[in-house]
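Written out below as structure tokens is the structure these notes cover.
The values are calculated or read from the model by the stated rules, or taken from the named source; none is laboratory data. Source: prediction; values computed, not measured. Counting neighbours? That spans all protein chains shown, and the Cβs are built from the backbone with ideal geometry, glycine included.
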């Protein structure tokens with residue numbers, strides 16, 4: 001069956017793509033999902049809309065954005081946040097719902113699914129593949145794909161107003177953007193299953209208790225606290241920071257012996273930063289200078 005024609009309203013709705021904005025402040029890149037009127041919902045032309053190649057795709061923008069940050073030698077830390085009072089409401093259910101309404105109206109459906117395709121999951125992998133520390137500055141609600149976006153980051157600093165909601169099950173679906181893998185590693189398998197199966201909301205203090213976030217701070221202190229942490233990490237020994245991050249994540253699939261072996265290998269690659277740190281703290285009693293290490 002040939003794909004039926006869309007209405008003008010449907011075409012207009014599917015044109016919109018959420019494009020995070022980036023501000024570079026010295027060694028720190030701040031990525032802001034700037035769609036506050038929609039609580040920073042993540043929208044993008046679905047993969048089956050092959051007849052509109054000039055629109056691009058949601059994942060294309062993320063790929064180019066994160067590749068730029070990955071290979072920018074001046075960027076050492078990436079901070080991700082949302083504009084206004086929300087981190088991200090996750091998938092744009094208005095756009096997704098319009099897709100389903102279109103399928104129901106026309107009786108046509110792409111042979112490989114609905115709006116779900118590999119591209120929607122790739123940004124979460126690319127965040128992990130940055131080889132640079134990432135911090136989620138969670139300023140408000142983080143729902144579904146938005147909650148998973150925060151989980152994909154290395155560290156999460158949350159406002160007292162923040163809350164998380166893995167609402168996938170309430171929409172009849174399995175979490176598709178990392179929650180099934182990421183959440184159990186933070187809260188344990190049983191608690192993750194409870195949160196994912198019930199669609200229970202998790203507010204800031206419980207998120208801290210469960211280990212979902214690293215810190216909860218007063219809302220008006222969120223920016224300063226997050227940037228202070230980012231600056232502290234950015235001033236650290238760069239090679240050691242990258243190797244440490246790699247070692248921690250590799251350890252999830254290694255034996256203890258393998259992790260020890262990798263750590264020792266890293267130490268041999270960090271000789272300059274180790275020398276600076278040991279001399280500064282052990283001999284000269286000063287702050288170490290890792291600006292060129």
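Scanning the stretch 266-279 for residues that are in a helix (DSSP H, G or I) and touching a helix residue (DSSP H, G or I) at 6+ places or on another chain (Cβ under 9 Å) turns up 266, 267, 269, 272, 273, 274, 277.
Just checking, does the stretch 170-177 include any residue being modelled with pLDDT of 95 or more, part of a helix (DSSP H, G or I) and touching a helix residue (DSSP H, G or I) at 6+ places or on another chain (Cβ under 8 Å)?
Here is the first cut: in the stretch 170-177, the residues modelled with pLDDT of 95 or more are none.
Looking through the stretch 170-177, none of the residues is modelled with pLDDT of 95 or more, part of a helix (DSSP H, G or I) and touching a helix residue (DSSP H, G or I) at 6+ places or on another chain (Cβ under 8 Å).
With respect to the conditions (1) at pLDDT below 90; (2) touching a helix residue (DSSP H, G or I) at 6+ places or on another chain (Cβ under 9 Å), residue 31 falls short on a single one, namely (1).
Of the residues making up the stretch 70-97, those that are over 21 Å from residue 175 (Cβ atoms) and buried (at least 20 other Cβ atoms within 10 Å of the Cβ) number 6. As a summary of the residue check, residue 197 satisfies the conditions (1) outside any loop (DSSP other than H, G, I, E, B); (2) crowded, with 20+ Cβ neighbours inside 10 Å except for the one numbered (2).
Looking across 208, 243, 262, one residue alone is in a helix (DSSP H, G or I) and either at pLDDT 95 or above or within 21 Å of residue 149 (Cα to Cα) (or both). It is 208. Being in the same structural domain as residue 158 (by TED's automatic domain parsing), part of a loop (DSSP other than H, G, I, E, B), over 19 Å from residue 16 (Cα atoms) and modelled with pLDDT of 95 or more is a condition met by at least one residue of the stretch 58-72. The set of residues from the stretch 167-187 being over 16 Å from the mean Cα position of the chain (by Cα), under 23 Å from residue 97 (Cα atoms) and free of Cβ contacts under 8 Å to residues at least 60 places away in the same chain comprises 168, 169, 170, 172, 173, 174. With respect to the conditions (1) buried (at least 18 other Cβ atoms within 10 Å of the Cβ); (2) modelled with pLDDT of 95 or more; (3) assigned to a helix (DSSP H, G or I), residue 164 falls short on a single one, namely (3). Which count do you get for residues in the stretch 211-240 that are more than 25 Å from residue 130 (Cα to Cα) and at pLDDT below 95? Within the stretch 211-240, residues that are more than 25 Å from residue 130 (Cα to Cα) and at pLDDT below 95 number 0. Among all residues of the stretch 249-266, there is at least one that is surrounded by fewer than 16 Cβ atoms within 10 Å (Cβ to Cβ) and either more than 26 Å from residue 182 (Cα to Cα) or assigned by TED's automatic domain parsing to the domain that holds residue 134 (or both).
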